[in-house]
Amino acid sequence: MPDAKFERQYFGIAVAKGNSELLGKINAGLQKIVADGTYAKIYKTWFDDNVPTLPAQ
């Protein structure tokens, strides 16, 4: 389905309480793909909508 578009769904990523190392790595990875445009590219591939702004840390 190369031209398929999907409805927006919301997801979260959970880490064990106190696991600040893993949380930091996840947040750093998200910041990196937002900054280099990868997030927008992936989003536009699957959704016919403006790319939403992710919440600030």
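The values are calculated or read from the model by the stated rules, or taken from the named source; none is laboratory data. Computed from a predicted model, the values in this text were never measured in an experiment. So basically every Cβ, Gly included, is an ideal-geometry build from the backbone, and we count neighbours across all protein chains shown.
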When you check Ala16 against the structure, is it part of a helix (DSSP H, G or I) and of a type in the set (Gly, Ala, Ser), yes or no? no
Checking Phe11 against (1) aromatic (Phe, Trp, Tyr); (2) loosely packed, with under 12 Cβ neighbours inside 10 Å; (3) assigned to a helix (DSSP H, G or I), the condition it does not meet: (3)
Looking at (1) of a type in the set (D, E, K, R); (2) modelled with pLDDT under 90; (3) out of contact with any helix residue (DSSP H, G or I) (no Cβ under 8 Å at 6 or more places or on another chain), which is the one condition that is false for Lys17? (2)
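Being closer than 30 Å to Asp3 by Cβ and either acidic (Asp, Glu) or in contact (Cβ under 8 Å) with a residue 12 or more places away in the chain (or both) is the filter here; which residues of the stretch 21-51 pass it?
Residues satisfying the conditions are Leu30, Val34, Asp36, Tyr39, Trp46, Phe47, Asp48, Asp49, Val51.
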If I go through the stretch 33-57 residue by residue, how many of them are surrounded by 10 or more Cβ atoms within 10 Å (Cβ to Cβ), among the charged types (D, E, K, R) and assigned to a loop (DSSP other than H, G, I, E, B)? 2
